[in-house]
Amino acid sequence: MDELDVGALSHRYGPMVLRRCRQLLRNEEEALDACQDVFLRLIERRSRLNAQYPSSLLYRMATNVCLNRIRDRGRRPEDPDEARLHEIAVLEEPGGSSYARLLLEWLFARHPETSRAIAVLRYVDGLTLEQVAAESGMSVSGVRKRLNRLRQDMKR
């Protein structure tokens, strides 16, 4: 298997990866760092990756890097005062976003990491089931089953 030409992929798909990171992280500096992380991971794994569909590969990698950053951000905020100010700024009703965040953390802790990525692709990005299946490398029925399990757990 030929190794990936990371420079060419970075030149061609870098803007797409950065847009994805901005969309998920909503912070310019963090999005730039995440974009760099995507291409660093690509360099580290270039001999093992199959880039038959490079845009899908990079989109999925960007999504996973960003979701990991979001998860880590919740576990250990870099600046507790800044994190608290942000929570207060986005708070619509007392306890509302905190409860929603706790509920999502509980829900996603009970399911595979890929289920979280599938849910983001479907409900945040608005992709169709077919598009989510193509991005995740699963079948449409597999995606549908994962989303149904998430919804069933949420109802409980």
Point to revise | For region 104-116, Karplus couplings with θ = phi - 60° (6.51, -1.76, 1.60), whole Hz, Gly/Pro x | key: 5, 4, 5, 4, 6, 5, 8, 10, x, 4, 5, 5, 5
Exercise for review: Report Rg(Cα)/(2.2 N^0.38 Å) for region 1-76, keeping two decimals.
Suggested key: 1.08
Check your understanding: How far apart, in nm, are two points set 7 Å out from the Cα along the Cα-to-Cβ line at Gln36 and at Ala109?
Key -> 3.2 nm
Practice item. Enumerate the residues in region 21-39 having an amide nitrogen under 18 Å from the point lying 7 Å beyond the Cα of Arg73 toward its Cβ. Key: 21-38
Review point. Points 7 angstrom from Cα along the Cβ direction at Arg19 and Asp125: gap in nanometres?
Key: 1.2 nm
Practice item. Apply the Karplus parameterisation 6.51 cos²θ - 1.76 cosθ + 1.60, with θ equal to phi minus 60°, to every residue of region 144-156 and state each ³J(HN,Hα) to the nearest whole Hz, in sequence, with x for glycine and proline. Key: 4, 5, 4, 5, 5, 4, 4, 5, 4, 5, 5, 5, 5
Check your understanding: In nm, what is the difference between 0.36 nm times the number of residues separating Glu29 and Arg151 and their Cα-Cα distance?
Key -> 40.6 nm
Point to revise | Computed over region 110-156: relative contact order in percent, which uses C-alpha pairs under 8 Å that are six or more apart | key: 35 percent
Point to revise | DSSP-assigned coil residues among GluC sites (Glu not before Pro) in region 1-68, each with at most 12 further Cβ atoms within 10 Å | key: Glu3
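We did not get these values from a lab; they are worked out from the coordinates using the rules stated. Worth saying up front: this structure is predicted, and the values here are computed from it rather than measured. Cβ atoms come from the backbone with ideal geometry, glycine included; neighbour counts cover every protein chain shown.
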